[in-house]
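K.L.:
Mind having a look at this structure? Questions to follow.
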Amino acid sequence: MTSNTATKPLTQEGDTFSLKAILPPLLAIIVGMIMVILDSTVVNNAVPKLVEYFHTDLKTIQWAITGYTLALSAVIPLAGWMTDKFGSKRIFLVTIVLFTLGSVLCGLAQSPEQLILFRIIQGLGGGMVAPIGMAMVFKLAPPERRGSIMGVLGIPMLMAPAFGPVISGYLVDYVSWHWIFIINLPIGVVAFILGKKYLPKTEPQKSTHLDILGMCLAPIAFAMLAYGVSEGGTDWSSTGAITGLTIGGIALILFIVVELRQKYPLLELKVFKSSDFTRGIILTWIVQMALFGATLMIPLYLQNIKGYTALHTGWIVMPQALCAGLMMPISGRLFDKIGARPLAFCGLSVIATAMFILSTVTVDTPIWMVIVAVCVMGLGMGSTMMPLNTHVLNSAPRHLVSRVTPLTSAAQQVVVSFAVTGLTAYLTSHTNTHMATIGKTGNPQTALVAGFGDTFLLTACIVCVGIVMSLILRKPKLQQAENIGEEVDPAMMMGH
């Protein structure tokens, strides 16, 4: 664990805190985090163009997203150990360089395989930028001012997902898809220069044992399971599907056994002994599956079926992030008064409604109907995500709470990778089934739009399971800190 001295704010006790004084280092962190957040939203809108450019299929290109998210999940738990070992400023700058390098390589990719490999490099850098950046922001101010600082940080973090698809659409339509990655070069250079000059130097701390075996088993398990699911979309009895699921399943079992026996595990799985925590995190996974499944499927539908450009698609999906941002502060205040259960029930019901609307799409569906569904989904997301995340943290046993953030963050990326892989496989499988039904003389668009409808319907059904689960959410008992006045260690945010 990070020592107590590392948790002190960078302003001395006798100093008067000033936002102006910490603005330069805060700006360095914000620029770095925006770069990573934007990159997580720009690729989905460019998928149809990438499929066309590389003369490949959706099943292959989706690995550019899946590989990236799996790489994120692999390094997020290491952020705390790395900063303890080498210092947060040094690791932050290294990850900015690695992410920027990966971005440039992605822009220069000449094949789908190269793009997937370079996206993995991006993910290895990007996975640590956000948790380390959040922890450094936590240290910039005294406890009584941290809320306002987090509020400043939250504005660009909410805006990035809203404008990411629009920026991506403009670059794809009017410049080149390569620039959705290369644009990170000047941003990364600015973040590095600002960070090098203004971020306070942090000394390495005494680090705990690194769970090397868990670190090796986790990527094997999740990557092979995702590969098996991807291959299973075409044929569940295929060699690829059986091999991936078998190796991934064995690696996952070994990973669980190792983590439960480790004194310092990579991911603290013992927290799942709390039934309240388990229910809460499963519900967050369901919301994330719906969110990231929709952010992939809606652009595909709009561009492949409706014929919209990438820029038009970006404008159409932008209200989702804006509506979510509108609801987040409202749901936060409501959570303090009524808890997570009613918010989760109502929010998931709203999300399910949006998915059922999307499941009825056809070639002739009016665009206003899609926009309504997108807005409704955003309102549902904003109503559920923050309350559920807070519920999960509140439900964790006090002595394990510092290990919850790396677990939930890494698990989120794994769930996203499985959502992308699984829903893509489901779309491909059902499109092929509908194509076989209508015959060779039928319109391929008819089969594809039917596949989209089936995929949205599946997502709606998964969300309905979450609605039922939300009814058994309990308000966790307030757990007191062991020592009165004990401050939260910012390493909690990093996973160590």
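K.L.:
Suppose we filter G249, G307, G339 for residues that are in contact with a His (Cβ under 8 Å, 6 or more places away or on another chain), surrounded by fewer than 22 Cβ atoms within 10 Å (Cβ to Cβ) and of a type outside the set (K, R); which single one remains? Explain how you work it out, then say what you get.
P.N.:
On the way: G249 fails: in contact with a His (Cβ under 8 Å, 6 or more places away or on another chain); G307 fails: in contact with a His (Cβ under 8 Å, 6 or more places away or on another chain).
Residue meeting the stated conditions: G339.
So that you can scan it fast, the table gives a plain yes or no per residue for (1) more than 23 Å from T428 (Cα to Cα); (2) among the basic types (K, R); (3) in contact with a Leu (Cβ under 6 Å, 6 or more places away or on another chain):
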{"residue": "E268", "(1), (2), (3)": "yes, no, yes"}
{"residue": "L291", "(1), (2), (3)": "no, no, no"}
{"residue": "N304", "(1), (2), (3)": "no, no, no"}
{"residue": "M318", "(1), (2), (3)": "yes, no, no"}
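K.L.:
Does T433 count as among the polar types (S, T, N, Q), at pLDDT 85 or above and crowded, with 18+ Cβ neighbours inside 10 Å?
P.N.:
On the way: among the polar types (S, T, N, Q): yes; at pLDDT 85 or above: yes; crowded, with 18+ Cβ neighbours inside 10 Å: no.
Against the criterion (among the polar types (S, T, N, Q), at pLDDT 85 or above and crowded, with 18+ Cβ neighbours inside 10 Å), T433 does not qualify.
K.L.:
I would also like to ask the following. What do you reckon, is G249 within 30 Å of I22 (Cβ to Cβ) and of a type in the set (G, A, S)? Steps first, answer last, please.
P.N.:
On the way: within 30 Å of I22 (Cβ to Cβ): no; of a type in the set (G, A, S): yes.
In short, no.
K.L.:
Determine whether the range 73-92 contains at least one residue that is touching a Gly at 6+ places or on another chain (Cβ under 9 Å) and closer than 18 Å to I180 by Cβ.
P.N.:
There is no residue in the range 73-92 that is touching a Gly at 6+ places or on another chain (Cβ under 9 Å) and closer than 18 Å to I180 by Cβ.
K.L.:
Kindly check whether there is at least one residue in the range 238-247 that is in a helix (DSSP H, G or I) and either under 30 Å from S395 (Cα atoms) or touching a Lys or Arg at 6+ places or on another chain (Cβ under 8 Å) (or both).
P.N.:
Our first condition is that a residue be in a helix (DSSP H, G or I); within the range 238-247, this holds for 239-247.
Keeping just the survivors that are either under 30 Å from S395 (Cα atoms) or touching a Lys or Arg at 6+ places or on another chain (Cβ under 8 Å) (or both) gives none.
No; the residues of the range 238-247 include none that is in a helix (DSSP H, G or I) and either under 30 Å from S395 (Cα atoms) or touching a Lys or Arg at 6+ places or on another chain (Cβ under 8 Å) (or both).
K.L.:
If I filter the range 307-329 for residues that are under 22 Å from the mean Cα position of the chain (by Cα) and without any contact (Cβ under 8 Å) to a residue 40 or more places away in the chain, do I get at least one hit?
P.N.:
yes
K.L.:
Moving on to the next point. For the range 222-249, what are the residues that are closer than 18 Å to A74 by Cα and among the aromatic types (F, W, Y)?
P.N.:
Correct list: F222, Y227.
K.L.:
Further, regarding this structure: Identify, from the list G347, G314, G307, the residue that is outside the structural domain of W177 (by TED's automatic domain parsing), among the small types (G, A, S), part of a helix (DSSP H, G or I) and over 30 Å from S395 (Cβ atoms). Full working, then the answer.
P.N.:
Details: G347 fails: over 30 Å from S395 (Cβ atoms); G307 fails: part of a helix (DSSP H, G or I).
Just one listed residue meets the conditions, G314.
K.L.:
Please go through the range 161-210 and give me each residue that is within 17 Å of G133 (Cα to Cα) and either surrounded by fewer than 17 Cβ atoms within 10 Å (Cβ to Cβ) or free of Cβ contacts under 8 Å to residues at least 40 places away in the same chain (or both), ordered by number. Write out each step before concluding.
P.N.:
Restricting attention to the range 161-210, the residues satisfying the condition of being within 17 Å of G133 (Cα to Cα) are 187-204.
Once the filter is applied, which keeps residues that are within 17 Å of G133 (Cα to Cα) and either surrounded by fewer than 17 Cβ atoms within 10 Å (Cβ to Cβ) or free of Cβ contacts under 8 Å to residues at least 40 places away in the same chain (or both), the range 161-210 yields V189, V190, I193, K196, K197, Y198, P200, K201, E203, P204.
K.L.:
Which numbered condition in (1) surrounded by fewer than 16 Cβ atoms within 10 Å (Cβ to Cβ); (2) modelled with pLDDT of 75 or more is the only one that E144 fails?
P.N.:
(2)
K.L.:
Is it the case that K89 is at pLDDT below 95, more than 21 Å from the chain's Cα centre (by Cα), assigned to a helix (DSSP H, G or I) and surrounded by fewer than 19 Cβ atoms within 10 Å (Cβ to Cβ)?
P.N.:
On the way: at pLDDT below 95: yes; more than 21 Å from the chain's Cα centre (by Cα): yes; assigned to a helix (DSSP H, G or I): yes; surrounded by fewer than 19 Cβ atoms within 10 Å (Cβ to Cβ): no.
So K89 fails the test.
K.L.:
Only one of these conditions is not met by S349: (1) among the small types (G, A, S); (2) touching a Lys or Arg at 6+ places or on another chain (Cβ under 7 Å); (3) surrounded by fewer than 19 Cβ atoms within 10 Å (Cβ to Cβ). Which number is it?
P.N.:
Result: S349 fails condition (2) only.
The values are calculated or read from the model by the stated rules, or taken from the named source; none is laboratory data. Model, not experiment: these values are computed from the prediction. Every residue, glycine among them, receives a Cβ derived from its backbone with ideal geometry; neighbour counts consider all protein chains shown.
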